[in-house]
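The structure appears below as structure tokens.
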Amino acid sequence: MTLNHHLLAKATTDSVLAKFKSGAWQCCKDIGIDFYRVGCESTFPSPDASFYDDAKKLMVSFEFKPPTETKRGILTGLGQSIAYLNNSNLSYLIIPRRLEDFDIGLYMADLFKNKIEDHLPIGLIVYENDTPTNVSLHHNVNALTKEAEFKAVANGRFWAKHQDLPIPLFHLLLHCYYLKKIGQIVDDAFAYCWQTFLVPSANLKTLNPNIILDISGKPIRTLSGVKNNLFFEKKFANAKKLKGKARRISVVELESDSNTNFIGDNTYNSYKKNYVTFLKHLGVIDSNGNITESGFKLYHLGLVNGPTSKIFYDYFTQAVLIIGHHLDLIFDLDNLCNKFRGIKTIKEVKDQMLNDYGAKGMIKRNPNRKVGEDSAVGFLKYEFILWNSLSLTVKTNGKPEISFNWKKITEVCSLPDL
């Protein structure tokens, strides 16, 4: 997907969401005003956007086609829309009004009326070629088929939520999933990585964290690069200060906290949830915990060139921006920065974006959150740590402003497919 394709898809789906949120559009007679955007399945088949209704437990997915698409490609989009019904209650195909001198909007509207209506819960949305935000509902879904009447499950926020995962560690995780693919390990790949590389059982006896080495033997450092990335460093240090029974109790707690078979909340399960969710959202592993084709290609790139090589970092960045939808965040944040430059601080701009996202249905709105109230973790805190490490932001000579490196962003988004 090119940069232009991605931004066109974002512009049209943002407009579609606004239509539903305002009540101007409804599907299935009364659904739409409570939609909010959620994550999509990143492995085949993967829609361009998905909306969810909490109360109805209803998922709707969208397939976007650009004005450079062929007639055959538009028909392929219809097939993709049908495939999305495996995980969504209904879907919409979004197409341009014209392909060169051919009125593809009129042709598809006729096809939907004669072949799709009353048979499949698929709608048709047409946008104007010169104004992609000008969208029209040419064929709606007025009722679900019996097969589509199931309770769908939401996939969290629409972007790949990052939680302080160093990029060489991302590659090491892919290495473990690759070992599972070739049969060298049979258990859970993340549990294997945890027990073998991150928190080996010997650490619980010595109360010392181990230096984690990447696939080329180099120590894995934090995203900021200021120190080695060590697990349980503070927990071990605190335990070593204790004596006798207090230390033994602390060690038991550490064993429970690092137990890969623990049912419930512990540190291992917290890391697993955050890291694996990120991997799935980038499409490098599937819902069954298996490495995907794109995941293998990215792993192989890091294996050949090194997990700290520029080419691996660039393709990782591309995946984060396009597949992980961080480009959407950056685009929206950049627009707000330009609008309020010199007027609002960075924190105020991020608070504005959080409030806007809640109002527009870009995230699930928290009814208990007050305007200006800080969350436990600042909005986009870890995303900014990642963007800074990938050189997607640029320094502003000490000014309290945000500025993005659009030259870098354009370059990595324009890289050829692996």
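With 204, 198 as the choices, which residue is aliphatic (A, V, I, L, M), under 26 Å from residue 175 (Cβ atoms) and over 27 Å from the mean Cα position of the chain (by Cα)? Give the steps one after another, and end with the answer.
Numbers: 198 fails: over 27 Å from the mean Cα position of the chain (by Cα).
None of the other options fit; the residue is 204.
Of all residues in the stretch 119-136, those being surrounded by fewer than 18 Cβ atoms within 10 Å (Cβ to Cβ) and more than 14 Å from residue 14 (Cα to Cα) number 4. Residues that are assigned to a loop (DSSP other than H, G, I, E, B) and over 23 Å from residue 382 (Cα atoms) were ranked within the stretch 212-257; the one that is least open to solvent (accessible area, probe 1.4 Å) is 217.
Would the stretch 54-71 turn up any residue that is part of a strand (DSSP E or B), under 25 Å from residue 335 (Cβ atoms) and either without any contact (Cβ under 8 Å) to a residue 40 or more places away in the chain or more than 17 Å from the chain's Cα centre (by Cα) (or both)? Yes; the residues of the stretch 54-71 include at least one that is part of a strand (DSSP E or B), under 25 Å from residue 335 (Cβ atoms) and either without any contact (Cβ under 8 Å) to a residue 40 or more places away in the chain or more than 17 Å from the chain's Cα centre (by Cα) (or both).
Here residue 141 meets the list (1) in contact with a Leu (Cβ under 7 Å, 6 or more places away or on another chain); (2) open to solvent by 10 Å² or more (accessible area, probe 1.4 Å); (3) not in a helix (DSSP H, G or I) almost entirely, failing just condition (2). Residues in the stretch 100-117: is at least one in contact with a Gly (Cβ under 7 Å, 6 or more places away or on another chain), modelled with pLDDT of 95 or more and farther than 15 Å from residue 47 by Cβ? So far as the stretch 100-117 goes, no, none of its residues is in contact with a Gly (Cβ under 7 Å, 6 or more places away or on another chain), modelled with pLDDT of 95 or more and farther than 15 Å from residue 47 by Cβ.
Which count do you get for residues in the stretch 197-211 that are open to solvent by 70 Å² or more (accessible area, probe 1.4 Å) and either small (Gly, Ala, Ser) or within 17 Å of residue 165 (Cα to Cα) (or both)? Count: 2. When the residues of the stretch 166-196 are filtered to those that are of a type outside the set (A, V, I, L, M, F, W, C), in contact with a helix residue (DSSP H, G or I) (Cβ under 9 Å, 6 or more places away or on another chain) and not in a helix (DSSP H, G or I), the one that is modelled with the lowest pLDDT is 187. Each residue in the stretch 189-210 was checked for being more than 23 Å from residue 247 (Cα to Cα) and either touching a Lys or Arg at 6+ places or on another chain (Cβ under 8 Å) or aliphatic (A, V, I, L, M) (or both), and 5 of them qualify. The number of residues in the stretch 29-39 that are open to solvent by 20 Å² or more (accessible area, probe 1.4 Å), touching a residue at least 24 places away in the same chain (Cβ under 8 Å) and of a type outside the set (D, E, K, R) comes to 1. On inspection, residue 230 does not qualify as in contact with a Gly (Cβ under 9 Å, 6 or more places away or on another chain) and not charged (D, E, K, R).
For the stretch 279-293, which residues satisfy the criterion of being in a helix (DSSP H, G or I) and surrounded by fewer than 20 Cβ atoms within 10 Å (Cβ to Cβ)?
Selection gives 293 alone.
May I ask you to list the residues in the stretch 72-114 that are open to solvent by 50 Å² or more (accessible area, probe 1.4 Å), aliphatic (A, V, I, L, M) and either in contact with a strand residue (DSSP E or B) (Cβ under 6 Å, 6 or more places away or on another chain) or touching a residue at least 40 places away in the same chain (Cβ under 8 Å) (or both)? Scanning the stretch 72-114 gives a single hit, 82. Listed by first and then second residue, the pairs linking a residue in the stretch 225-245 that is closer than 15 Å to residue 198 by Cβ and of a type in the set (D, E, K, R) to a residue that is open to solvent by less than 90 Å² (accessible area, probe 1.4 Å) and at pLDDT 95 or above, with Cβ atoms under 7 Å apart and 6 or more places separating them unless they lie on different chains, are 233/209; 235/254.
Condition check ((1) at pLDDT below 95; (2) aromatic (Phe, Trp, Tyr); (3) touching an Asp or Glu at 6+ places or on another chain (Cβ under 8 Å)) across all residues:
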{"residue": "62", "(1), (2), (3)": "no, yes, yes"}
{"residue": "77", "(1), (2), (3)": "no, no, yes"}
{"residue": "81", "(1), (2), (3)": "no, no, yes"}
{"residue": "89", "(1), (2), (3)": "yes, no, yes"}
{"residue": "97", "(1), (2), (3)": "no, no, yes"}
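For the stretch 149-193, taking the residues that are open to solvent by less than 10 Å² (accessible area, probe 1.4 Å) and closer than 21 Å to residue 87 by Cα, the one that is farthest from the chain's Cα centre (by Cα) is identified as 152.
May I ask you to verify whether residue 11 is in contact with a strand residue (DSSP E or B) (Cβ under 7 Å, 6 or more places away or on another chain), surrounded by fewer than 19 Cβ atoms within 10 Å (Cβ to Cβ) and in contact (Cβ under 8 Å) with a residue 60 or more places away in the chain? Judged against the criteria, residue 11 is a match.
The set of residues from the stretch 294-314 being buried (at least 22 other Cβ atoms within 10 Å of the Cβ) and either modelled with pLDDT under 95 or part of a helix (DSSP H, G or I) (or both) comprises 295, 298, 299, 302, 312. When the stretch 81-114 is filtered for residues that are farther than 22 Å from residue 20 by Cα and in contact with a Ser or Thr (Cβ under 9 Å, 6 or more places away or on another chain), the ones remaining, listed by number, are 83, 99.
The values are calculated or read from the model by the stated rules, or taken from the named source; none is laboratory data. Bear in mind that the values here come from a model prediction, so they are computed numbers and not experimental data. With ideal geometry, Cβ positions are generated from the backbone for all residues, glycine too; neighbour counts draw on all protein chains shown. Accessible surface areas use protein heavy atoms only, side chains included; no ligands, DNA or RNA. Shrake-Rupley method; radii C 1.70, N 1.55, O 1.52, S 1.80 Å.
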